[in-house]
1. Taking R0 as 56 Å, what's the FRET efficiency between E291 and T452 from their Cβ-Cβ distance, rounded to 0.05?
2. For segment 440-448, what does the Karplus curve 6.51 cos²θ - 1.76 cosθ + 1.60, with θ = phi - 60°, yield as ³J(HN,Hα) per residue in whole Hz, taken in order and with x for Gly and Pro?
3. Output needed for the chain: three equivalent-ellipsoid semi-axes, defined as square roots of 5 times the C-alpha gyration tensor eigenvalues, in descending order, whole Å.
4. Out of the total accessible area of segment 302-359 (probe 1.4 Å, heavy atoms of protein only), what percent is carbon and sulfur?
5. Would you mind telling me the antiparallel percentage of the DSSP bridges in segment 189-260, rounded to 5?
6. Which aspartates and glutamates, on any chain, are close to K363 with Cα under 14 Å apart, when same-chain ones fewer than 8 places away are left out?
7. Where Lys and Arg each count +1 and Asp and Glu each count -1, what net charge lies around A443 among other residues with Cβ under 12 Å from its Cβ?
8. Using 0.36 nm times the number of residues separating R191 and A328, minus their current alpha carbon distance, what extension gain do you get?
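The values are calculated or read from the model by the stated rules, or taken from the named source; none is laboratory data. In this text the structure is predicted, and so the values were computed from the model without any measurement. Neighbour counts are summed over all protein chains in view; Cβ atoms, including those assigned to glycine, are modelled from backbone coordinates with ideal geometry. Areas reflect the complete protein model, heavy atoms only, side chains present, ligands, DNA and RNA absent. Shrake-Rupley method; radii C 1.70, N 1.55, O 1.52, S 1.80 Å.
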Amino acid sequence: MTDSWSSWDVHLDWQPDAGRQGLADALRQAIRDGRLAPGTIVPSTRALAKDLGIARGTVTRVYADLTVEGYLRTSQGAPTRVGAVSSPLPPKEKPHAAPWVPGARWDLYPGRPDLSSFPREAWVAATRRVLHDAPASVFDYGDGLGSAVLREALSRYLSRSRGVLAEPDRIVVCGGFGHGLAVLARVLHARGDRELSFENPCLPQFREHATRAGLHVAAVPVDEQGLEVSKLDSPAVVVTPAHQYPLGVTLAPERRTALARWGGLVIEDDYDGEFRFDRHPVGALQALAPERIVYAGSVSKTLAPALRIGWLVLPRFLVEPVRAELAATGWHPPVVDHLVLADMLSSGAYDRHVRQRRIAYRKRRDRLLSLLPREITPVGISAGLHVLLRLPPGRSEEQVIRAALRESVAIDGLGRHWFGDGRRSRGIVLGYATPAEHAFGPAIEALLKAITP
Ligand SMILES: Cc1ncc(COP(=O)(O)O)c(C=O)c1O
């Protein structure tokens, strides 16, 4: 049905006394269930208000909310239509694809911090200071390695907080870890490498960067002690030693030593190293062999992924090839944002924000784990923004993901992270950081409904 409809044509689970929220929920549900297909013209606000016997202003506000959420789309001079929101069932041909639902009401999909906690005041204050003091030259194309001021500030921050040997001239500021990895993969291919190892399981989108660069992707198993270093057989490996993603284990001390002594190039993805809750975090591996280990980090978990700022602390022999590869792709860093971040690092505002977030995420993790039914087991150390949950026998990952979607909760499954041969246990990967503070309780309630047998 792509023509307009009235409330007589489409079942809306709505009562006149449910108000604006009730009408919005009923429309969301009808769209998610497919009763209102993408592209369907919705009635005018006047027509629906008349049809339902409610104020036109209520319908106008509901339409505005649903447009922001992507359930509806408007364009000037054209009727309002239903947007392209995914159906609740994962697509059949990709049973382990990410069950990402843009319209899910409760966002426990891993990978992002609480976006509502972005330190807007601190960012604005730092921006003001930067713009007040900066010479006109900051508005020019900047140094391809990233602003020198930011590299100095990162050098101090990374050596203090993570023990990284981070002289500014070996730091390259890139557009997040994914960008840095894509560039490194092309540099490795250009030096003659044909294979890059990844932990199995790991995030598929990062493996794709290697594949796109022409590298074969090799799977190295991970057990309770982290990466099985003795099984490495490639010129280079990407690893998450402080907090394996997605299993959540940490690399055991003897394996850290073995990896630092291993002859290949190690790319250390320290994506959430700031968030260890039960003890001081282990320092970066990079300090053990700075000429063979690339240290990589980003602000995607501490501040916001939208900033697209990350860094590589490189062995010296890689600085020039990485700079040249970045230049070849036309990369120019966002200099003003670099200066704002540098200001936040130097003023202590970044540390204050991270400290406050660490407390908040720890509380969330503890609360979530305390509420889990007994037959569901959390795996991994007390750290980060996600947790892996093992399911009891007889409950499949797909069943739980579908049940969660019925409650409008977005979660991820472990299945899609495996590749190659080997063990393929199943589970649920939950991100507990993303909901705004007020939404965390209801999100957990909805999740518990879905996962409790
Ligand atoms: C394992 C892992 N590494 C790195 C990142 C950060 O990626 P980026 O800096 O490209 O946002 C993430 C973000 O989700 C992640 O989950």
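1. The computed FRET efficiency comes out at 0.60.
2. 5, x, x, 5, 5, 4, 5, 4, 4
3. On the way: eigenvalues 339, 154, 90 Å².
Those come to 41, 28, 21 Å.
4. 58
5. On the way: 2 of 10 bridges.
Here the antiparallel bridges make up roughly 20 percent for segment 189-260.
6. Filter leaves D114, D278, E437.
7. Numbers: positive: R105, R364, R367, K449; negative: D107, D114, E407, E437, E445.
With Lys, Arg at +1 and Asp, Glu at -1, the net is -1.
8. On the way: separation 137, 0.36 × 137 = 49.32 nm, distance 1.57 nm.
Answer, rounded to one decimal: 47.7 nm.
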